[in-house]
Structure formats: C-alpha cells, structure tokens
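Supplied in structure tokens, the structure appears directly below.
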Amino acid sequence: MFSDNPYFPQLTEQQKARFDALGELYRTWNEQINVISRKDIDNLYERHVLHSLAIAKYVRFMPEGRVLDLGCGGGFPGIPLAIFFPETHFILVDSIGKKIKVAEAVAEALGLENVSFRHARAEDLSEKVDFVVSRAVAELGQLVHWTRGLISAQQRHGIPNGLIALKGGGRLKEEVAALGKRAYVDVFPIRKYFGEPFFEEKFVVYVQR
C-alpha cells in the first residue's frame, strides 16, 4: 500500500485512501485500455506514483496555482500531484483520446475536483500556467519550444515559473547542453529523495521560464 511509504508522513487520511485506490483503478482500466506496460502495472506505486511525486519533493505548488501536465498519458505525473496538492489546479493534456479517457475516469473515481482535461496537441494549447510538468514525452529542447508561451510571468511559488520534467540519465547531459548557456537549468537526482534502485538514474529537471 502506498500509504505505508516512509517518504510522505504528512499525508491526510483522504490522501492515503486516494493513493491506495490507484492500484485497483489502474489495474481495472489497464485491462480495457493499455496505458501502462504489463510489466509495470505490478510496480505502479514505485515506477509511476512515487516517480511522479519526486516533483513534490522538488517544489511545493501553492494554493490557487495552475500546473499543466503535458503528455499525461493515463495521468502521470498529474494525478498523483493533484492528490498531493489538493488546492492547486492541474490541467492534464494528451493528444491521444483514450489516454485522457482513463485519466479522467480515475480522477472522477477518486473524487478529485482540482483537475481538468484537454484532448489536444502541445502546439494547440493557449493556457497560461505557473508550471508545466512532463514525463517521458520529448527531449528538453522540444519541451521548452512547446511550452515557452504557456508559462505565466506572474510569480507565486518559491521558485520562478518554468518547466519541470522527469527524465532518465541516458542523453540528459546532451539535452541540457543543447539548451545553451543562457538557459537556467537545475538537474536533481531523484535518488536523493527515494532509496529504491529504480531511481538511481532518474532526475527532476527544472528549466526556468
């Protein structure tokens, strides 16, 4: 059960119940629409939920903040973050309708009221948000290109608005270098948050607006 994890002792009973409900919800939906690989569904809490919440270790999203999850797939990292930050509004976006359908159904089953959904391509978005979050969607340069016009100049968080991406270590140095010296980029190893071997080569990458 996710509620037994040692990393977030401050969770409310409602948050614990919602996190614990994710396993059965995704297992049921995955039998109908494959949004999580078969080998990963048994590792949902580590490889999807906890991975998503590495962003919550990096930044505290504020009440009334707006965060857009670009390429949310079945709802990651957006749904775990929406559970964790109930007073922040999350906009989950994906270009594949069946994935949005799953994310929307999961959010409805959990009773999440701080999420909305868009079936759209990145190029078609016009929302203004504080942060864009993303996982395994595209290289950093492409993400910056897609999201540059979406990130508001109005500051309300502890760090300036920007892009926060969950990335593997494979080509990360090259992707960061390709952004150029003018870009402010912070690369933080998730292994400093979580001890599981899965996170050894996983990173939170922040690109300031």
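What tally of residues in the stretch 61-72 results from selecting those that are closer than 21 Å to PHE2 by Cβ, out of contact with any Asp or Glu (no Cβ under 6 Å at 6 or more places or on another chain) and either open to solvent by 10 Å² or more (accessible area, probe 1.4 Å) or assigned to a loop (DSSP other than H, G, I, E, B) (or both)?
1
Can you name the residue in the stretch 117-145 that is of a type in the set (D, E, K, R) and open to solvent by less than 40 Å² (accessible area, probe 1.4 Å) and is also nearest to the chain's Cα centre (by Cα) among such residues?
ASP130
Which members of the stretch 168-178 meet the condition of being assigned to a loop (DSSP other than H, G, I, E, B) and among the charged types (D, E, K, R)?
Within the stretch 168-178, ARG171 is the sole residue that qualifies.
Of all the residues that make up the stretch 184-202, how many are open to solvent by 30 Å² or more (accessible area, probe 1.4 Å) and in contact with a strand residue (DSSP E or B) (Cβ under 8 Å, 6 or more places away or on another chain)?
So the count comes out to 8.
May I ask you to list the residues in the stretch 119-142 that are closer than 17 Å to LEU81 by Cβ and either in contact with a helix residue (DSSP H, G or I) (Cβ under 8 Å, 6 or more places away or on another chain) or of a type outside the set (Asp, Glu) (or both)? Walk me through how you get there before you give the answer.
Taking the stretch 119-142 first, the residues closer than 17 Å to LEU81 by Cβ are 127, 129-137.
Those that are closer than 17 Å to LEU81 by Cβ and either in contact with a helix residue (DSSP H, G or I) (Cβ under 8 Å, 6 or more places away or on another chain) or of a type outside the set (Asp, Glu) (or both): VAL129, PHE131, VAL132, VAL133, SER134, ARG135, ALA136, VAL137.
Continuing with the same structure: Hey, any hits in the stretch 189-205 for a residue that's acidic (Asp, Glu) and within 28 Å of LYS128 (Cα to Cα)?
No.
While we're on this one: Output the residues belonging to the stretch 33-52 that are within 20 Å of ILE190 (Cβ to Cβ) and touching a residue at least 12 places away in the same chain (Cβ under 8 Å).
Matches in the stretch 33-52: ILE36, ASN43, LEU44, TYR45, GLU46, ARG47, HIS48, VAL49, LEU50, HIS51, SER52.
Moving to a separate point now. I'd like to know if the stretch 140-148 contains one or more residues that are out of contact with any strand residue (DSSP E or B) (no Cβ under 6 Å at 6 or more places or on another chain) and in a loop (DSSP other than H, G, I, E, B).
Yes, some residue in the stretch 140-148 is out of contact with any strand residue (DSSP E or B) (no Cβ under 6 Å at 6 or more places or on another chain) and in a loop (DSSP other than H, G, I, E, B).
For PHE76, which of the numbered conditions (1) among the aromatic types (Phe, Trp, Tyr); (2) modelled with pLDDT under 95; (3) outside any helix (DSSP H, G or I) fails to hold?
PHE76 satisfies all of (1) among the aromatic types (Phe, Trp, Tyr); (2) modelled with pLDDT under 95; (3) outside any helix (DSSP H, G or I) except (2).
For LEU150, are the conditions met, namely being closer than 23 Å to ASP20 by Cα and either buried (at least 17 other Cβ atoms within 10 Å of the Cβ) or touching a residue at least 40 places away in the same chain (Cβ under 8 Å) (or both)?
Taking the combined requirement at face value, the residue does not satisfy it.
So, in the stretch 18-30, how many residues would count as being in contact with a helix residue (DSSP H, G or I) (Cβ under 8 Å, 6 or more places away or on another chain) and open to solvent by 60 Å² or more (accessible area, probe 1.4 Å)?
Of the stretch 18-30, the ones in contact with a helix residue (DSSP H, G or I) (Cβ under 8 Å, 6 or more places away or on another chain) are 18-23, 25-27, 29-30.
From the residues that got through so far, the ones that are open to solvent by 60 Å² or more (accessible area, probe 1.4 Å) too are 27.
Total satisfying the criteria: 1.
Among the listed residues LYS101, LYS181, identify the single one that is assigned to a helix (DSSP H, G or I) and either open to solvent by 30 Å² or more (accessible area, probe 1.4 Å) or closer than 14 Å to VAL59 by Cβ (or both).
Residue meeting the stated conditions: LYS101.
For the stretch 158-197, enumerate the residues that are more than 19 Å from ARG209 (Cα to Cα) and among the small types (Gly, Ala, Ser).
Selection gives GLY168, GLY169, GLY170, GLY195.
How many residues does the stretch 2-41 hold that are farther than 15 Å from GLY73 by Cα, among the hydroxyl-bearing types (Ser, Thr, Tyr) and within 20 Å of the chain's Cα centre (by Cα)?
Summing the residues that are farther than 15 Å from GLY73 by Cα, among the hydroxyl-bearing types (Ser, Thr, Tyr) and within 20 Å of the chain's Cα centre (by Cα) in the stretch 2-41 gives 2.
The values are calculated or read from the model by the stated rules, or taken from the named source; none is laboratory data. Note that the coordinates shown come from a computational prediction; the quantities given were computed from them, not determined experimentally. Ideal geometry is used to build each Cβ from the backbone, glycine not excepted, and the neighbour counts take in all protein chains shown. Note: areas computed on protein heavy atoms with side chains; ligands, DNA, RNA excluded. Shrake-Rupley method; radii C 1.70, N 1.55, O 1.52, S 1.80 Å.
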